[in-house]
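Reviewing the structure listed below.
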Amino acid sequence: MKFTLVLAITALLAAADDLNDRNPQLMGPTLPTRESTLLQGRALETSATVVELGDQAPDFSYQGAEGRWRRLREILAQGPVLLVFGADELTLRVLEHEREHLLDLGVIPVAVTEMRSGAAQALISRHDLRFTVLSDVQGAIASQFNALNPSTGRQLPTWFVLDRKRRVCGLGRRGLPLRGYPTLAANTLGLPVPGAPLPASR
């Protein structure tokens with residue numbers, strides 16, 4: 001299935017570019033599907049404490065393609081989320097390669113990038129990415145997850161696995177794995193590891 005963009009008129013594209021410096025842009029599905037649409041996010045207040053294992057994750061908001069404001073919890077209502085910050089082009093390609101395995105587990109991949117929406121859209125089209133990609137130029141969402149370097153303002157490569165109640169079941173702050181996101185998500189959520197042999201019954 002191909003990546004689709006929901007765009008109203010050319011003027012809206014220009015307006016979106018102007019908003020880039022003030023609001024994060026979310027490119028991805030309103031609900032977990034195997035296609036993507038263009039959505040716009042906005043920042044909420046930042047977390048006062050570091051998000052740790054077992055904490056409830058910040059509930060950021062975004063605007064759906066139909067114009068209604070939604071929250072992270074609405075995605076989580078459909079299943080756990082793998083949330084990746086500081087995703088570079090290679091990481092996005094790996095997530096696309098492993099996307100079906102994640103969705104088979106019921107886990108929804110959501111990647112956050114520092115790229116402006118225009119650059120992110122070009123990359124999404126170039127690699128036919130079919131999962132949620134959040135363009136967070138100002139670090140508004142990343143700061144809520146403490147995935148921002150305070151001295152440089154750049155995103156830190158960080159991943160979180162959130163259950164349907166927004167509880168952080170797993171996280172990593174020492175970089176992003178080169179591959180193996182389905183196994184990572186399965187291990188943190190206590191799900192069967194993809195491809196692992198089932199125990200023999202007696």
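The residue list TYR181, VAL193, GLN155 was ranked by how far each Cα lies along the charge dipole of the range 154-196 toward its positive end, using unit charges on Cβ atoms, and GLN155 comes out on top. Taking amide H as placed 1.01 Å from N in the peptide plane, ARG70 has its amide H under 5 Å from the amide H of TYR62, GLN63, GLY64, each at least 5 places away in sequence or on another chain. Indicate the gyration tensor shape class of the range 57-141 (rounded, prolate or oblate), computed on the Cα atoms with a ≥ b ≥ c the square roots of the eigenvalues: a/c under 1.5 is rounded; otherwise a/b larger than b/c is prolate and the rest oblate. Taking the square roots of the gyration eigenvalues as a ≥ b ≥ c, the range 57-141 is oblate. With a 1.4 Å probe rolled over the protein heavy atoms of all chains, the accessible area of ASP88, ASP104, ASP59 falls in the order ASP104, ASP88, ASP59, largest first.
Surface composition of the range 86-202: carbon plus sulfur atoms hold 52% of the accessible area, using a 1.4 angstrom probe and ignoring ligands, DNA and RNA.
The values are calculated or read from the model by the stated rules, or taken from the named source; none is laboratory data. All values derive from a computational prediction rather than experimental measurement. We place every Cβ from the backbone using ideal geometry, glycine too, and count neighbours over all the protein chains shown. Please note that ligands, DNA and RNA were not included when accessible areas were found on the heavy atoms of the full protein model with its side chains. Shrake-Rupley method; radii C 1.70, N 1.55, O 1.52, S 1.80 Å.
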